[in-house]
């Protein structure tokens, strides 16, 4: 599955190939090249886990290839791949939650080093939003879809999408503001005017 990150013409044929070993049609090749990196970034923002995002997007492209004649006829094949990848991520999350319960019962590592940086703060804040708000914020602000496109992709009315965006932005701003106030300063009041020497 790892070779799906390679450009399509450099990897082996997938199980859905009509003739094993032949080149992938140029339409899929162009689609993959134009959309794969963007979809990985989008799903990473939605899930907060880069490796999980890569795995889910790879699987979504494999499924798209198996149905390429049907998927390519859709008005937005990229949205189809993104939706499949998101559903895969949700399914994996549910399975991981069961595994986490087992880990809690049997114990796990006590110390996990904290990460820092603006990107980590954003992903952490996004994780705290309800899934519907997080999806609307990511699709609108990071993917660049219009409210109407977000509504079409999520199956929610435009008014609902606008409400989710408003609530998501408000919550995200508060969460990021809280993150900024909890960061330790390197300068203290006693350091600022103290003579050196």
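Values quoted throughout were computed directly from the atomic coordinates according to the rules given, and no laboratory measurement underlies them. Not measured: the values here are computed from a predicted model. Backbone-built Cβ (ideal geometry, glycine too); neighbour counts: all protein chains shown.
To the nearest 0.05, how large is the calculated FRET efficiency for residue 160 and residue 41 if R₀ is 30 Å and r is the Cβ-Cβ distance?
For R0 = 30 Å, the calculated efficiency reads 0.75.
Once fully extended, how much extra length lies between residue 100 and residue 176, figured as 0.36 nm per residue of separation less the alpha-carbon to alpha-carbon distance?
Difference between extended and current length: 24.7 nm.
Return 29, 49 ranked ascending by Cβ neighbour count within 10 Å, so the fewest neighbours appear first.
Fewest-to-most Cβ neighbours within 10 Å comes out as 29, 49.
Once fully extended, how much extra length lies between residue 67 and residue 29, figured as 0.36 nm per residue of separation less the alpha-carbon to alpha-carbon distance?
12.3 nm
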